[in-house]
Amino acid sequence: EGVDINTFFPEEVDHDDYNDGRFKFVLFGRWDYRKSTKEIIDAFLKEFKPDEPVDLILSIDNIWGKDMDGYETTEERLESYNFKDDRLKIRHFPSREDYITYLKKGHVFLSCARSEGWNLPLIEAMACGTPSIYSEGSAQMEYATGKGLPVKIIGEKLASNSTQYGQYTISDLPGTYPEPDFEDLQVTMRDAYERYPIHKKKALEDAKLIHKDFNWSRVAEIGRDTLVDFIKNYKEPEDTNEIIVTYNN
């Protein structure tokens, strides 16, 4: 995995959502238990008082939402959890151009997933030099370690708990998800807000490392070298292996 450094890089851009002078956290990712969407919003509303000039921009639509929980819109879904607050700014499926602008312009990229395969928005935000919050686990640690603002992991929970919200017909999902410390998430958000200049300065330095180590050319070189090494050391097996693919439980 890598990141398109020709698109995601530090740059001064304008967006109408930022003309009010308020501090903006931005969250991109569908409404999903695995992505801790509900817990992230709850932590934000608990940490920041209504009179503080802080907003949370949400792009969390789930195209399977109605089949999942019966709600027609993200607004209905949030209201069902009593998440009705003017500081929550819902943006429905923003354009690619808007998405890139939000990542570059947003004060802090917000993520705290229970599990991620890679977390593409996170590495794209980091490549933009945007201070980024993330859970300290899963594959994202390959590039995030030592960068950004990590949130502690406090244990594990069954992945089948996904049926609590945000998933469908997944009750037999095996294994566990790492469980983030959502109280630590509140502390981390507060720190990101109050010490923003410090975190922004470090994020710009982190972006240089992301660009150096995870640009697509570098990633392609790693893939090439891995294949060459495999072919060089490959030995024919003595026995013929049988590969069976099935989707039966």
### Search result, residues across the stretch 209-249 that are closer than 29 Å to PRO131 by Cβ and among the β-branched types (Val, Ile, Thr)
ILE210, VAL219, ILE222
### Message
Can you pull out every residue in the stretch 3-40 that is part of a helix (DSSP H, G or I) and either basic (Lys, Arg) or in contact with a Lys or Arg (Cβ under 8 Å, 6 or more places away or on another chain) (or both)?
### Response
ASP17, TYR18, THR37, LYS38
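Among the candidates LYS84, LYS66, LYS49, single out the residue that is at pLDDT 95 or above and open to solvent by 50 Å² or more (accessible area, probe 1.4 Å). Don't jump to the end; show me each part of the working.
On the way: LYS84 fails: at pLDDT 95 or above; LYS66 fails: at pLDDT 95 or above.
Being at pLDDT 95 or above and open to solvent by 50 Å² or more (accessible area, probe 1.4 Å) holds for just one of LYS84, LYS66, LYS49, which is LYS49.
Quick one: count up the residues across the stretch 123-151 that are over 22 Å from ALA43 (Cβ atoms) and not aliphatic (A, V, I, L, M).
Narrowing the stretch 123-151 to residues over 22 Å from ALA43 (Cβ atoms): 123-124, 127-129, 139, 142-143, 145-146.
From the residues that got through so far, the ones that are not aliphatic (A, V, I, L, M) too are 124, 128-129, 142-143, 145-146.
The qualifying residues number 7.
Let me confirm something: among GLU124, GLU116, which residue is at pLDDT 95 or above, of a type in the set (D, E, K, R), under 16 Å from the mean Cα position of the chain (by Cα) and buried (at least 19 other Cβ atoms within 10 Å of the Cβ)? I'd like the intermediate steps shown before the answer.
Details: GLU116 fails: at pLDDT 95 or above.
Only one candidate qualifies: GLU124.
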### Listing of helices (runs of 4 or more DSSP H) fully contained in the stretch 132-246 that carry 3 or more residues being under 17 Å from the mean Cα position of the chain (by Cα) and closer than 22 Å to ASN6 by Cα
141-144, 196-213
### Message
Would you confirm, using the coordinates I've provided, whether ALA139 is aliphatic (A, V, I, L, M), farther than 17 Å from TYR33 by Cβ and at pLDDT below 95?
### Response
yes
### Task
Provide a single number: the residues in the stretch 87-106 that are open to solvent by 50 Å² or more (accessible area, probe 1.4 Å) and in a strand (DSSP E or B).
1
### Task
Please specify each residue of the stretch 57-107 satisfying the condition of being farther than 15 Å from ILE41 by Cβ and of a type in the set (A, V, I, L, M, F, W, C).
ILE63, TRP64, MET68, PHE93, ILE100, LEU103
### Summary
Going through the stretch 147-163 in order, the residues found to be without any contact (Cβ under 8 Å) to a residue 40 or more places away in the chain and either open to solvent by less than 40 Å² (accessible area, probe 1.4 Å) or at positive phi (or both) are VAL151, GLY155, SER160
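From the list PHE44, PHE109, exactly one residue is closer than 24 Å to GLU205 by Cα, in contact with a strand residue (DSSP E or B) (Cβ under 9 Å, 6 or more places away or on another chain) and open to solvent by less than 60 Å² (accessible area, probe 1.4 Å). Which is it? Steps first, please.
Values: PHE44 fails: closer than 24 Å to GLU205 by Cα.
That would be PHE109, the only listed residue that is closer than 24 Å to GLU205 by Cα, in contact with a strand residue (DSSP E or B) (Cβ under 9 Å, 6 or more places away or on another chain) and open to solvent by less than 60 Å² (accessible area, probe 1.4 Å).
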### Task
Kindly provide the set of residues from the stretch 1-29 that are open to solvent by 20 Å² or more (accessible area, probe 1.4 Å), out of contact with any strand residue (DSSP E or B) (no Cβ under 9 Å at 6 or more places or on another chain) and closer than 18 Å to SER59 by Cβ, ordered by number.
THR7, VAL13, HIS15, ASP16
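Look at ALA220 and say whether it is modelled with pLDDT of 95 or more and of a type outside the set (D, E, K, R). Lay out the reasoning, then the answer.
Numbers: modelled with pLDDT of 95 or more: yes; of a type outside the set (D, E, K, R): yes.
Judged against the criteria, ALA220 is a match.
The values are calculated or read from the model by the stated rules, or taken from the named source; none is laboratory data. These figures come from a predicted structure and were not determined experimentally. Neighbour counts are summed over all protein chains in view; Cβ atoms, including those assigned to glycine, are modelled from backbone coordinates with ideal geometry. Accessible surface is based on the protein model in full, side chains and every heavy atom, while ligands, DNA and RNA are left aside. Shrake-Rupley method; radii C 1.70, N 1.55, O 1.52, S 1.80 Å.
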